[in-house]
Amino acid sequence: MTHTGSPADDGAGAVRRFRLELVEGPARGVVWDSSADRCSLGSDEGNDLVVADPTVSRFHCEIRIDEAGARVRDLKSRNGTAVDGVSVVEAFLRTGSLIRVGKTVARFEFGTEHNRLPLWDEARFGALSGASAAMRGVFALLARAAERDVTVLLEGETGTGKSQAARSIHERGARREKPFVVVDCGAIHGNLIESELFGHAKGAFTGAAEQRVGAFEEASGGTIFLDEIGELPLDLQPKLLRALEAREIRRVGTNTARTVDVRVIAATHRDLRSEVNAGRFRADLYFRIAVVRIPMPPLRQRPEDIPALLDDLLAALHATPEEAAALREPKVITRLKRAAWPGNVRELRNYVEQYLVFRAPPPVSELAPVNAPPPVDASVPYAEARDRVLADFERRYFEALLRAHDGKVSRAAAAAGLDRRYLYRLLHRHGLGPERDPEG
C-alpha cells in the first residue's frame, strides 16, 4: 500500500481525559475539561486554563498526561506549585489531587473517556524518523504546520531534532523552492546579532567596511529559522517583534524600512514561558512566535525508536555489514534502550561513530544507564532487601543533588521539591550533611 503521508484516523493515539475544578480562590467554581494531552494554568490569557488570581504567575504550571500517568510541572512560577500540600517542581497526580497555585486550588480528576490524538501514518517525516506514538504525534503536528505559513516554535532538549524538524516543515511547504536560512541566536555575540538578522549599512559601526544583507532579506520568499531564540538579548527582542508583526526590517545604520516576505520557524531548548515569568523574554514576542508550539520528545521517552535510528545512522556512516551486525545484537540494543541519552539523537550518533572508530561499543558506564537495577539478595527478608535498595537510592540521589547545587542545601531542597529542614534530616541520616539546619 502506498502511503501519502497524512494524519492517520485509524491509528490515532489516545490519552485519558481529565478535569480541573477550581475549588479555592478568586475564580472558584471554574471547571475545565481536557481535549488534548496537556493543559497550562496561569493568569495570562494565553493559557489553556486562565486563572484570574493576582497571586498566580502569568504561566504558572503545566499538566501533561501520557502512558505513564498525569504529571504537573511548575514553570518557575513566582509562588511555586504544591500538590496535596507538598511544594513540587514536578509530580505525578492522582484522582482527587489538589494543586495549589498562589491562592487558588484546583482539584484534578481523571475522566472515564479518552481523547484521541492524531498520529502520522508513517514512521518518517522528512529527515526525522520514529515509529513511536510520541514521534508520530509530532509528525502529524509538523505536517499540519507545513500546510500553512504559520509561525512555529519547536521546543525540546539539545539533540532532539529541532533543526531537522524545521527543515522538514520548509521542504514540505509552499516555500520549498526558496531559501532556508538559519540563524543560531546563541552562537552570535549580542553586539552582532542585530546585523546578522537585519543587515547593516557601510560604516554603521566599527568594522562595517561594506554594507551587508541580513538573514531576513536573504530568506526572502523562503523560511528563516531562528535557532535557540531563547538566547536572544532582551534589548533586541522589541526589534524582532516589530519585524515579525510588520514584516519590515531596517538595516543597522539606516532609517529605511524594507519589506520582507518570510516564513518564521523558531526553536529553543528552554521553556520560554518560564523565561517570561523570570522577565528574560518578552510575553508579546513569545505569543508572536508560539502560534503553533511543537514539543520534540527526548530519546529516553521513545526508546522503541532506537533500533530504527541505529539503522539510519549505520547507513549514513557507511558501516559495513559486520559492524552493523555487532551493534544490532539484542544485548546491545537492550543496553542502548536503558541509557539516559542526555544528548538525545546527537549523542546516539556520537556513540555509533565511536564504535566505528574503535571497533567496540563504548563502555556502558559512559551511557549513564537509567534505573539500572541493583543486584538483589534473596537470602534476606523482603522488608530488609527493600530498605537496602531505598537507602542506596536516597544516598546516591542526595549526593548528586548536592553536587548539582554546589552543596547549597536551600537551593537543593527547592530543586527537589522538599522542605529544607526535612532535607537536612535526610542528609544527616546518610552522613551527607550537618545534623541541624543552620538557617533555623
Inset, instruction - Identify all lysines with a Cα-Cα distance to LYS239 below 24 Å; exclude those on the same chain that are fewer than 8 residues away in sequence. - result: LYS202
Inset, instruction - Order the peptides 413-426, 143-156 from the highest to the lowest mean number of other Cβ atoms within 10 Å of their residues. - result: 143-156, 413-426
Inset, instruction - Could you please state how large a percent of the accessible area of the chain is carbon and sulfur, counting protein chains only and using a 1.4 Å probe? - result: 50 percent
Legend entry - Net charge of Cβ neighbours under 14 Å - reference LYS239; Lys, Arg +1; Asp, Glu -1: +1
Legend entry - DSSP bridge pairs, the chain: antiparallel proportion in percent, nearest 5: 70 percent
Legend entry - Kyte-Doolittle mean at least -1.0 and Cα axial length at least 30 Å: DSSP H helices in the chain: 382-404
Inset, instruction - Would you list, by chain and number, the aspartates and glutamates whose Cα falls below 20 Å from the Cα of LYS331, excluding same-chain residues fewer than 8 positions away? - result: GLU304, ASP305, ASP311, ASP312, GLU322, GLU323, GLU347, GLU353, GLU366
Inset, instruction - Quick one: which residues, 5+ away or cross-chain, put their amide H under 5 Å from the amide H of ALA70? H built at 1.01 Å from N. - result: LEU93
Inset, instruction - Only helical DSSP H runs with n ≥ 4 go in: add -39500 (n - 2.57) per run for the chain, normalise by residue count and round the 222 nm mean residue ellipticity to 500 deg cm²/dmol. - result: -9500 deg cm²/dmol
Legend entry - Neighbourhood net charge (9 Å Cβ-Cβ; Lys/Arg +1, Asp/Glu -1) for ASP37: +1
Inset, instruction - Would you mind getting the accessible area per residue of the range 179-226, heavy atoms of the protein chains only, 1.4 Å probe, in Å²? - result: 45 Å²
Legend entry - (1) 217; (2) 139; (3) 201, with the label sought being that of the calculated volume of the Cα convex hull per residue in Å³: (1)
Inset, instruction - Provide the packing ranking of 219-226, 167-174, 261-268, i.e. peptides ordered by the mean count of other C-beta atoms within 10 Å per residue, highest first. - result: 261-268, 219-226, 167-174
Legend entry - Heavy atoms of GLU353: accessible area, 1.4 Å probe, square angstrom to 10: 70 Å²
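The values are calculated or read from the model by the stated rules, or taken from the named source; none is laboratory data. Remember, it's a predicted structure, so these values are computed and weren't measured experimentally. As a convention, Cβ positions derive from the backbone with ideal geometry for all residues, glycine included, and neighbour counts pool all protein chains shown. Heads up: the accessible areas ignore ligands, DNA and RNA and are worked out on the full protein's heavy atoms, side chains in. Shrake-Rupley method; radii C 1.70, N 1.55, O 1.52, S 1.80 Å.
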